[in-house]
Structure formats: C-alpha cells, structure tokens
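As structure tokens, the structure follows; a few thoughts come after it.
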Amino acid sequence: MDRNNGANGMSAGTVEFPFIGPDDSNRVTDVSAQKTVNLYLNLDYKQKPKLYTCPGLKQFALLGGIARSNGVVFGDNGYIVADDKLKKATDTGVVTEIGTLNTSGGRCQLAAGRDYLFIVDGTDGYTYDGSTFAVVADVDLTQDSNGASAPPTSCIYLDGYFIVNKSGTDEYAISSLEDPTAWATLDFATAASDPDDAIAVAANFKDLYVLGSETTQVANNTGNADFPFEFYPGGTIEYGCASAYSVAQTPDGLFWLAVTKYGKVQVIQVQKFNAQPVSGGQYGIDWELSQLDKVDDAIAWVYSYGEHTIYHITFPAAQRSWEYFIESGVWIERESHDDYVSIGRYRGAGHLYLNRKQLIADYANGKLYELDFDVFDEDGEIMRRIRRAQCVERNHRRINHRMIELEMECGKGTVSGQGSDPQIMLRYSDDGGYVWSSEDWRGVGALGNYQTVVRWRNRGQSRERIYEVVMTDPVPMTLIRADGQFEICDY
C-alpha cells in the first residue's frame, strides 16, 4: 500500500493506512515525501504512534533587544545577551540591564561558575560577579601563544576553570582557578592531533571536548601541575564542527552539527569517544541539510517537554529549523509565522531554562516567551501544523480512493473568535508533490462536539498519492490514525 511500510490488504472495505510519522523527506519523493511540522510523535500504551501539537508560546517578558545567545542561570536568575546588553531575567518576568558589550551583532556564549558569569562575543571577554560587570583587561585572553589576536568565540566552565578556544588557531586556554579575569600566558594547549582550528570547546561528564574544523579531541583533568587538562590516548573523533553555536550538552552526550574532512555535514551524538550520526538513517534530514547553502551560522539548544528531551537546531540564513527527539530518535520540522506569512524557521533565537520554565527568545521582536502545552499559537501568531503522509500505492495499479477518515481529537474549539469553529484542510498530490489538488476543509468540532467525524469521500483515482493535512486554528491537533476505503482497479 505504501513504499515506506509495505502495508498489505487493500479493498473496498475500510482499512487503516499508514499516515502517522516523523519528518523524513528524501530527494526522491516516491521514496519518501513525509513532512511533519509543529507536531511531535508519541507512542501510546500500545506503542502505536500518535501526533500531538508542539507547545505554543505565551509572552513571559520583554528583553528590550534581540537575543544573541542562549541563556544560563547564575545565582537564582537567568542571563542572556540581547543586542549589546547583558540582561538579567527573574523567574517572575522582570528583566534588567546589567552591562554593555563592545559588540552589538554576532553570536555570544555564556558560562556560569561559582563566583562569576563569563561572556565571550568573538571580540572580548566580560565578567559579572553579581554586582560588577567588566571587560576582561588581561590580553592573554584575546591573544594566542605568539601574541597575535585570537579572541575566543566559545567558552565553558569545567572543574573550576573557565575554558576558551583561541579563534583562528588550534589552541585553547584556561583561566586562573574560579577567576575569568586572570589568564596566564602559558595556560594554553594545542589540539595537536590535526592542524585544524579550534572552533569550540564543550564539556560533558567531566570531559573536555576541543572541537576543531575537521576533528575533535577529548581531554580530562589529570591534575597535572603544569596544565591540568590532558588528552586521552587515542581520544580523537573524526568529526569536526560546522558551527560553534550548534553544540549542546545533554545527559545523553553532546550534540552538534558536524563536518567530516570530506565535507559531509551531519548532526551527531557523542558519548566519550563514540560519535553517532543522528540526522541520517530511516528518519533523517541529511538530504535537506545537504541542500542548505550556509550551515556555519547554525544555532542550537536542548530542552524538554513531557517525557521528551529535544535537540533544536536553526539555520538563520536558510530560514529552516528542525528538532530531534532523543528518546525516540525521530526528527520533526519547526516553522513560525508573522501575520499569517511563514518565516520558514522557528522564531526562537535563544533558550533559557529558569525555575522549571522553558523560555524562548524571539529572533526579531525582543520578546521572551514561555513554552506552554495549553497554548496552540505563538503569542497570537498562528502555529501551522502539517502532516504529509507516506505515498499510497500498490505496484503502480490504479486505485479508487472512495473515502478518507481521520481519527483525531475533536470538540476542543475555543469559546469564541478564531477556533470556535476549527477546521482541518486536506489536499493530495498524484505526481510526487509537484502539483496539488485544491484545498478541502472539514470541521473538527466546536467546543463539546467530541463525536465529530472528520471524513472526505470520493477522492478520485490515482496510481500513487500523497495526502497532506493542515491546521492553523488555535486548538489541539492530535492525529490518532487514518482510515480509508480503497479499491484496486484492474487497469
């Protein structure tokens, strides 16, 4: 019945057909044209997949600038860079300005230690101790071992040290213990297994990762009095880093947008020395990544909702966003709208987890939002949810599509306004997605109409067909299954 799942049994009777699934677009749509946008895959108690609406966004605070970083928690508050300002956000939504950076564009990174918050912006380093914000005056931070300019673009905190890369070199450096204002000339090392530049530094389970443009080396703190971090013997990973700001730490290891010496770009998951691509395979986005003109601007973060841990990655220049669900190993696409017009990407420019709140900073308007399962729009902007299913076909024989019926959550309309009469749209393509039928809308039930039947009859004939459904009303879109009445013709 479909090329992906090989379901059998097609007659004029009503049968369930493969409809629920992840984002999985292939260069050949006849192989797979699946698309899942702003919906996530979950398994019920029978281990059958269902699609649920991703959490919406409600305004939490105004940053007063465009986010240039992910946020971190220092003390009891969250901190994030917006425009040329370091901003503090309380868990009640109060935002205050802490200090001014010497740059107003480009990405920044923050690291929180015991006594200091540390920031790098590719030009300078900055510190905040809870009362005083200052530019780091020590030139050893921004120079390499030869005294040439090499300002850091990446920073972390590990074992009491603040650690940075030296841009344009294979060097990384450590601060004095618990003090990012002090950097000694000799407190540096090189990732010498390969002569590639150090793009980023990262930490996971007490290990230090120095991510180069072509390879990655792993070190740990041996307590060496001369320089405490030493690389493991054989601790080289044959993946480099395509974007310093794609790196994210999770309990399941590190994730980042990787590149090989041969130019292949993939998202990988790394645990110790084991690197595993996660953007390919049965449900992957490798093909779509290969079509992007620019990938070195990718930004990423990890967050959770429900029982899921999610790696989010956005490509600002390409205006595309995807999310990888670590526990289930599937990808979906995220997309936002302004005034009903798609902006292509998800609107998030940074993430902050603060006192059990998952906060998202807007890429354009300076707002800070909170993720909310009970919100089905993005601060008043529509959240367009799309499911494009597997191709329905049977050995290229002609099929009568007598009826399509969706089992979904109905009767959850709003009390008034948009969503009081919620609708779902169905369309289909019989040529692999090049030409689509006209849109055909059906109601999914005003508030309380829980027994609403969502059905389309007499959809004509095809040799192969891709179905797509879309919802934009601010109500839940939960897809449970799809049934159809199909009849195989003799010609």
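The values are calculated or read from the model by the stated rules, or taken from the named source; none is laboratory data. Bear in mind the structure is a predicted one, so any value in this text is a computation, not a measurement. Glycine gets a Cβ as well: all are built from the backbone with ideal geometry, and neighbour counts include every protein chain shown.
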Consider region 227-258. How many of its residues are of a type outside the set (A, V, I, L, M), within 23 Å of PRO195 (Cβ to Cβ) and out of contact with any Cys (no Cβ under 6 Å at 6 or more places or on another chain)?
15
Just to be sure, is ARG481 in contact with a strand residue (DSSP E or B) (Cβ under 9 Å, 6 or more places away or on another chain), surrounded by fewer than 16 Cβ atoms within 10 Å (Cβ to Cβ) and assigned by TED's automatic domain parsing to the domain that holds VAL37?
no
Scanning region 317-339 for residues that are assigned to a strand (DSSP E or B), of a type in the set (A, V, I, L, M, F, W, C) and out of contact with any Leu (no Cβ under 8 Å at 6 or more places or on another chain) gives TRP322, TRP331
Among the candidates GLY350, GLY284, single out the residue that is at pLDDT 95 or above and assigned by TED's automatic domain parsing to the domain that holds TYR239.
GLY350
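Let's see how each residue does on (1) over 11 Å from the mean Cα position of the chain (by Cα); (2) within 27 Å of ASP44 (Cα to Cα); (3) buried (at least 20 other Cβ atoms within 10 Å of the Cβ):
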{"residue": "GLY235", "(1), (2), (3)": "yes, no, no"}
{"residue": "GLU238", "(1), (2), (3)": "yes, no, no"}
{"residue": "CYS241", "(1), (2), (3)": "yes, no, yes"}
{"residue": "ALA275", "(1), (2), (3)": "yes, no, no"}
{"residue": "GLY280", "(1), (2), (3)": "yes, yes, no"}
{"residue": "ASP293", "(1), (2), (3)": "yes, no, no"}
Taking region 169-195 on its own, how many of its residues are closer than 21 Å to LYS272 by Cβ and part of a loop (DSSP other than H, G, I, E, B)?
4
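Yes/no matrix, rows are residues, columns are (1) touching a Gly at 6+ places or on another chain (Cβ under 9 Å); (2) farther than 26 Å from PRO22 by Cα; (3) surrounded by fewer than 22 Cβ atoms within 10 Å (Cβ to Cβ):
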| site | (1), (2), (3) |
| --- | --- |
| HIS337 | no, no, yes |
| HIS351 | yes, no, no |
| ASN355 | yes, yes, yes |
| ILE386 | no, no, yes |
| ASN395 | no, no, yes |
| GLY417 | no, yes, yes |
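Here is a yes/no grid of residues against (1) in contact with a Phe, Trp or Tyr (Cβ under 7 Å, 6 or more places away or on another chain); (2) of a type in the set (A, V, I, L, M):
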| position | (1), (2) |
| --- | --- |
| TRP287 | no, no |
| VAL295 | yes, yes |
| TRP301 | no, no |
| TYR311 | yes, no |
| PRO316 | no, no |
| SER321 | yes, no |
| GLU327 | no, no |
| ILE332 | yes, yes |
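Report whether or not ALA200 is in a strand (DSSP E or B), touching a helix residue (DSSP H, G or I) at 6+ places or on another chain (Cβ under 6 Å) and surrounded by 17 or more Cβ atoms within 10 Å (Cβ to Cβ).
For ALA200, the condition - in a strand (DSSP E or B), touching a helix residue (DSSP H, G or I) at 6+ places or on another chain (Cβ under 6 Å) and surrounded by 17 or more Cβ atoms within 10 Å (Cβ to Cβ) - is met.
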Given the structure, is LEU211 touching a residue at least 40 places away in the same chain (Cβ under 8 Å), within 25 Å of GLY253 (Cα to Cα) and buried (at least 24 other Cβ atoms within 10 Å of the Cβ)?
yes
Do we have any residue at all in region 31-50 that's farther than 27 Å from PHE376 by Cα, among the hydroxyl-bearing types (Ser, Thr, Tyr), surrounded by fewer than 20 Cβ atoms within 10 Å (Cβ to Cβ) and at pLDDT below 95?
no
